[in-house]
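The block underneath contains the structure these notes are about, expressed in structure tokens.
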Amino acid sequence: MANLDQLYDAVVRGDDDVARDITTQALADGVDALTLIDQYMSPAMAEVGRRFEACEYFVPELLLSARAMKAGLELVRPVLAARGAEPAGRVAIGTVEGDLHDIGKKLVSAMLEGAGFQVVDLGVNVKPEAFVEAVREKDVNVLCMSALLTTTMLAMRRAIEALDEAGLRDRVKILVGGAPVTPQFAAEIGADASGENAVEAVAATRKVLGLADA
Ligand code: B1M
């Protein structure tokens with residue numbers, strides 16, 4: 001029988017091999033896939049987030065934990081998909097036009113998945129029209145945009161304007177983030193919220209969707 005506490009520990013310690021092994025064994029033992037996420041992986045990522053905010057963990061630890069969680073999630077996702085389990089919400093995320101930085105975006109994406117959201121990653125250098133297309137086609141509740149350059153953060157405004165012009169602005173909540181992005185800038189361009197880091201991004205996503213604190 002799989003020792004599920006080891007799954008929690010593996011995610012907190014960022015050990016993707018152990019996370020993969022325990023998840024495989026647990027699924028073979030018949031442990032419920034949602035239990036693995038709700039009771040072990042997500043609480044582990046919440047603990048990682050707490051350590052990050054307390055400056056006990058830094059970006060490298062966050063990346064390792066995100067990788068370990070993804071290793072487990074990749075095994076659990078097909079099981080959930082097969083039985084049609086509802087995610088907490090659907091999110092599309094991308095780094096804006098002209099910007100190739102994707103490490104932070106991937107981290108935000110992994111934390112959102114860890115919190116139970118279904119995430120469509122649109123990649124980097126995403127044009128405003130591609131964000132519009134994602135909102136039109138992917139049935140998402142939240143659109144997340146990341147920018148790391150002071151020059152490219154302006155593309156967030158263009159994407160929001162494009163959504164407005166397409167008549168789709170009211171269909172989604174918009175969250176923006178990345179090193180140069182401030183809450184003032186977010187408000188100025190008409191976004192619903194911003195997050196300073198991946199942990200805040202999850203909290204802000206839950207908040208804009210009116211979900212209770214995790
Ligand atoms: Co670039 N780069 N880079 N770079 N790069 C920065 C951002 C820079 C600050 C370095 C510097 O000069 N000190 C600087 C920007 C200056 C500015 O505009 N103010 C810079 C520059 C100038 C450039 C180039 C223009 C350099 C050149 O070619 N002359 C060029 C631009 C290319 C382009 O995008 N068109 C460039 C290229 C690159 C690489 C390709 C070499 C590489 C990216 C590789 C990759 O991503 N695959 C790179 C890197 C690695 C960096 C630094 C060193 C690290 C960025 C990173 O990954 N951080 C960066 C300097 C730095 O930040 N110290 C730098 C780790 C990551 C976990 O953090 O991305 O901040 P971060 O994400 C955080 C938060 O910002 C937040 O949560 C994340 C997790 O906590 N967050 C969100 C991010 N997105 C969010 C979305 C949200 C909410 C929160 O909601 C939707």
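Listed peptides 191-197, 76-82, 33-39, 111-117 appear in the order 111-117, 191-197, 33-39, 76-82 once ranked by packing, highest mean of other Cβ atoms within 10 Å at the front. Please determine, in degrees from 0 to 90 and to the nearest 10, the orientation of helix 198-208 with respect to the longest principal axis defined by the Cα atoms of the chain, where the helix direction is its Cα long axis. The two axes meet at around 70 degrees.
The residues packed around residue 136, meaning those with a beta-carbon under 15 Å from its beta-carbon, carry a net charge of -2 if Lys and Arg are +1 and Asp and Glu are -1. Take the Cβ-Cβ distance between residue 79 and residue 1 as r, set R0 to 25 Å, and report the resulting FRET efficiency rounded to the nearest 0.05. The computed FRET efficiency comes out at 0.85. Contact order, relative form, for the chain: 16 percent (alpha carbon pairs under 8 Å, 6 or more residues apart, mean separation divided by residue count).
Let me know the charge dipole size of segment 56-214 about its Cα centre in debye, to the nearest 20, where only the beta-carbon of Lys, Arg (+1) and Asp, Glu (-1) is charged. Value, rounded to 20: 340 debye. Each other residue within a Cβ distance under 15 Å of residue 88 adds +1 if Lys or Arg and -1 if Asp or Glu, for a net charge of 0. Estimated from helices alone, the mean residue ellipticity of the chain at 222 nm is -16000 deg cm²/dmol (sum of -39500 (n - 2.57) over DSSP H runs with n ≥ 4, per residue).
Normalised radius of gyration (Cα atoms, divided by 2.2 N^0.38 Å) for segment 4-82: 1.04. Considering only alpha-carbon pairs that sit under 8 angstrom and 6 or more positions apart, the relative contact order computed for segment 37-154 is 30 percent. Counting Cα-Cα pairs of segment 90-208 in 10 Å increments starting at 0 gives whole-percent bin shares of 16, 55, 29, 0.
Axis of helix 16-29 versus longest Cα principal axis of the chain: the two differ by about 60°, to the nearest ten degrees. For segment 4-82, a simple Cβ point-charge model (Lys and Arg +1, Asp and Glu -1, everything else neutral) yields a dipole of about 240 debye relative to the Cα centre. In loop segments of segment 1-93 as defined by DSSP, the chymotrypsin sites (Phe, Trp or Tyr not before Pro) with at most 11 further C-beta atoms inside 10 Å of their C-beta are 58.
Ranking 31, 18, 65 by how far each Cα lies toward the positive end of the dipole of segment 4-82 (charges on Cβ) leaves 65 at the top.
Only lysine pairs 8 or more places apart, or on different chains, with alpha-carbon atoms under 17 angstrom apart are counted in the chain, and they number 6.
Among the trypsin sites (Lys or Arg not before Pro) within segment 32-94, not one is in coil by DSSP while having at most 12 neighbouring Cβ atoms inside 10 Å.
Readers should treat all values here as calculations from the given coordinates under stated rules, not as data from a laboratory. What you are looking at is a predicted structure, and each value in this text was computed from that prediction instead of being measured. When we count neighbours, we look across all protein chains shown, and the Cβ atoms used for this are built from the backbone with ideal geometry, even at glycine.
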